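**Student:** Below: one structure in structure tokens.
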Protein chains: 2
Amino acid sequence: MDDLNVINALRLLQSAEELRARLAGEFSSVHGISVNEFFLLMQLRNAPKQRLSRTELAKRMHVSASTVTRMVAPMEKIGMVDRMIDDRDARLAFVVLTSAGQDRLSEALATFAKQAGYAFQDRWTDAEMKQFSALLFRLVAGTPANLT
Amino acid sequence: MDDLNVINALRLLQSAEELRARLAGEFSSVHGISVNEFFLLMQLRNAPKQRLSRTELAKRMHVSASTVTRMVAPMEKIGMVDRMIDDRDARLAFVVLTSAGQDRLSEALATFAKQAGYAFQDRWTDAEMKQFSALLFRLVAGTPANLT
DNA sequence: GCATAATGCTTGCATATGCAAGGAATATGC
DNA sequence: GCATATTCCTTGCATATGCAAGCATTATGC
């Protein structure tokens, strides 16, 4: 295990899982959403017109189309998102972020920022934060899923 | 979203998910194991005597104890791991890595190294790989789950 | 020593997810 | 224009996972 590629991949996956586990706990207890629901809302917020097709959401979130269908149903029921059929193509059922959904997302983002702070605070300097940001940008840049 | 903590946390989570999705595909088709099974084998390989209790595995893998129970059952059936009851404490049921499990893990590690190469190759210099490694080490250092 | 608490594991139930099939709408080849 | 293919979404089934309860074993308080 002296391969730096392997070491970095393992550390990347493990630190991400740690952070995700922490987020899951607070998202669930404080905001009543899952981490995946948070990411779904984030994708919508960053999309033009705050909307995306289910297929596009599936690709960006690395889940199947059926998962998106089933994730969206309860979110639609409580008004965080809306359904909107395309005028030209009746197959497309856009998922649209509602104002209630934006509010919920803003609250969750505060928790996200707090946890992100815990994760990096007192471990990295400002300069290192920028280094890390630049390095990771090369991994996520160009993917349509990139939220940053 | 000008908070560098938030940006870095998002990029960390997203790049990890991308890598994990790629690994899942090849692990499943080539080696017949899931990413989580791979990590379970990795934890055993790094443990003293190549064995851990189910509770310890659950903590390190950020899953519930029942998940470990259910993950281990089929792996035991095909001989990748063994069960071993502790002499002093009959509650403890260690999961032990077998030689067949080591072989399977070695093959999967080759795939892992290949995918890790794809992820970082042509994006980062050697110096940057070392920088990244050092930064991430501070995140995972000290956790018993750390595989590196 | 014994009653109670704590620990380690398993199991029933509920939820989450992927795959494959199906239905509806649109695109393509001719 | 029409038959066929493709695309988008949904649904049935199988698997994966967490939580809470239960069981067996060990630790603790007195």
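The values are calculated or read from the model by the stated rules, or taken from the named source; none is laboratory data. Just so we're clear, the structure is a prediction, and the values are computed from it rather than from any experiment. FYI the Cβ positions are ideal-geometry reconstructions off the backbone, even for glycines, and counts take in every protein chain you see.
**Student:** Mind listing whichever residues of the stretch B:36-55 are surrounded by fewer than 19 Cβ atoms within 10 Å (Cβ to Cβ) and under 14 Å from the mean Cα position of the chain (by Cα)?
**Tutor:** Correct list: B:36, B:45, B:46.
**Student:** If we keep just the residues of the stretch B:56-68 that are free of Cβ contacts under 8 Å to residues at least 12 places away in the same chain and away from chain A (no Cβ under 14 Å), which is surrounded by the most Cβ atoms within 10 Å (Cβ to Cβ)?
**Tutor:** Our first condition is that a residue be free of Cβ contacts under 8 Å to residues at least 12 places away in the same chain; within the stretch B:56-68, this holds for B:58, B:64-67.
Still in the running and away from chain A (no Cβ under 14 Å): B:65-66.
On the way: B:65: 13, B:66: 10.
Selected residue: B:65.
**Student:** Now for a different question. Does the stretch B:70-95 hold any residues that are more than 8 Å from DNA strand D (Cβ to nearest atom) and of a type in the set (Gly, Ala, Ser), and which are they?
**Tutor:** B:73, B:79, B:93 - these are the residues of the stretch B:70-95 that are more than 8 Å from DNA strand D (Cβ to nearest atom) and of a type in the set (Gly, Ala, Ser).
**Student:** From the list B:29, B:53, B:34, B:66, which one is modelled with pLDDT under 95 and within 13 Å of DNA strand C (Cβ to nearest atom)? First the steps, then the outcome.
**Tutor:** On the way: B:53 fails: modelled with pLDDT under 95; B:34 fails: modelled with pLDDT under 95; B:66 fails: modelled with pLDDT under 95.
Result of the check over B:29, B:53, B:34, B:66: B:29.
**Student:** Hey, another quick one. Provide a single number: the residues in the stretch B:121-136 that are of a type in the set (S, T, N, Q) and exposed (fewer than 14 other Cβ atoms within 10 Å of the Cβ).
**Tutor:** Filtering the stretch B:121-136 down to residues of a type in the set (S, T, N, Q) leaves B:121, B:125, B:131, B:133.
From what is left, the residues that are exposed (fewer than 14 other Cβ atoms within 10 Å of the Cβ) are B:121, B:125.
Of the residues in that region, 2 qualify.
**Student:** Here's something else I'd like to know. Answer yes or no as to whether residue B:26 is more than 12 Å from DNA strand D (Cβ to nearest atom) and either under 20 Å from residue A:14 (Cβ atoms) or acidic (Asp, Glu) (or both). Talk me through it step by step, then tell me what you get.
**Tutor:** Numbers: more than 12 Å from DNA strand D (Cβ to nearest atom): yes; either under 20 Å from residue A:14 (Cβ atoms) or acidic (Asp, Glu) (or both): yes.
Against the criterion (more than 12 Å from DNA strand D (Cβ to nearest atom) and either under 20 Å from residue A:14 (Cβ atoms) or acidic (Asp, Glu) (or both)), residue B:26 qualifies.
**Student:** Starting from residues that are more than 15 Å from DNA strand C (Cβ to nearest atom) and in a strand (DSSP E or B), keep the ones in the stretch A:69-120 and report whichever is surrounded by the most Cβ atoms within 10 Å (Cβ to Cβ). Talk me through it step by step, then tell me what you get.
**Tutor:** So in the stretch A:69-120, the residues more than 15 Å from DNA strand C (Cβ to nearest atom) come out as A:79, A:82, A:96-120.
Imposing the further condition that a residue be in a strand (DSSP E or B) reduces the set to A:82, A:96-97.
Working: A:82: 17, A:96: 16, A:97: 25.
Among residues in the stretch A:69-120 that are more than 15 Å from DNA strand C (Cβ to nearest atom) and in a strand (DSSP E or B), the one surrounded by the most Cβ atoms within 10 Å (Cβ to Cβ) is A:97.
**Student:** Does residue A:139 satisfy the condition of being at pLDDT 95 or above, on the phi < 0 side of the Ramachandran plot and surrounded by 14 or more Cβ atoms within 10 Å (Cβ to Cβ)? Spell out the reasoning first.
**Tutor:** Values: at pLDDT 95 or above: no; on the phi < 0 side of the Ramachandran plot: yes; surrounded by 14 or more Cβ atoms within 10 Å (Cβ to Cβ): yes.
When the stated conditions are applied, residue A:139 does not pass them.
**Student:** Could you list, in sequence order, all residues of the stretch B:12-59 that are among the basic types (Lys, Arg), closer than 23 Å to residue B:92 by Cα and assigned to a helix (DSSP H, G or I)? Lay out the reasoning, then the answer.
**Tutor:** Initially, the stretch B:12-59 is screened for residues among the basic types (Lys, Arg), giving B:20, B:22, B:45, B:49, B:51, B:54, B:59.
Next cut, closer than 23 Å to residue B:92 by Cα only: B:45, B:49, B:51, B:54, B:59.
Hits for the stretch B:12-59 are B:45, B:49, B:54, B:59.
**Student:** Starting from the stretch A:11-26, keep only residues that are within 16 Å of DNA strand C (Cβ to nearest atom), then list their pairs with residues that are of a type in the set (Ser, Thr, Tyr) and not in a helix (DSSP H, G or I) whose Cβ atoms are within a distance under 8 Å, requiring at least 6 positions of separation or different chains.
**Tutor:** These pairs meet every condition: A:24/A:34.
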